[in-house]
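First comes the structure, then the notes that go with it.
The values are calculated or read from the model by the stated rules, or taken from the named source; none is laboratory data. Fair warning: this is a prediction, and the values are worked out from it, not measured in the lab. Keep in mind that these areas ignore ligands, DNA and RNA; they rest on the heavy atoms of the full protein, side chains included. Shrake-Rupley method; radii C 1.70, N 1.55, O 1.52, S 1.80 Å.
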Amino acid sequence: MFEYLKLKFLIAAILVLLALFGALELYVSHQIKTGIKAGLELEGLKNALASQNQALAKKSLDTQSYLKSMLAKKESVSTKYKTIYVQDKSCTSQLEGVKNALDLFYHSSIDST
């Protein structure tokens, strides 16, 4: 009878060990799958971050070129609307002043586009 109890205990211990090894194997495989998913997600996030950084760098360059063009436009506008003073009040000199102003406005040396 004692041998029978030993055998039952041995079989139960083996079954418990097998169950523990099975559970451990399931846990390890689950952790591996979770790690792989997290790694893939991390790579996707890194790619998204890199594309966002490229877009921001492009916007930065666009902003710098915009600021440069705005300075040129400001110069152009101030040149176009430059005040022309007439020396005397005669009709001819006033007409010349208006012609000069119109020529300056329509044919300025700095392009406004």
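Brief remarks on what is shown
- Selection status of Lys73, modelled with pLDDT of 80 or more, assigned to a helix (DSSP H, G or I), of a type in the set (Lys, Arg) and open to solvent by less than 90 Å² (accessible area, probe 1.4 Å): yes
- On the stretch given as the range 1-31, residues that are open to solvent by 100 Å² or more (accessible area, probe 1.4 Å) and assigned to a helix (DSSP H, G or I) total 14.
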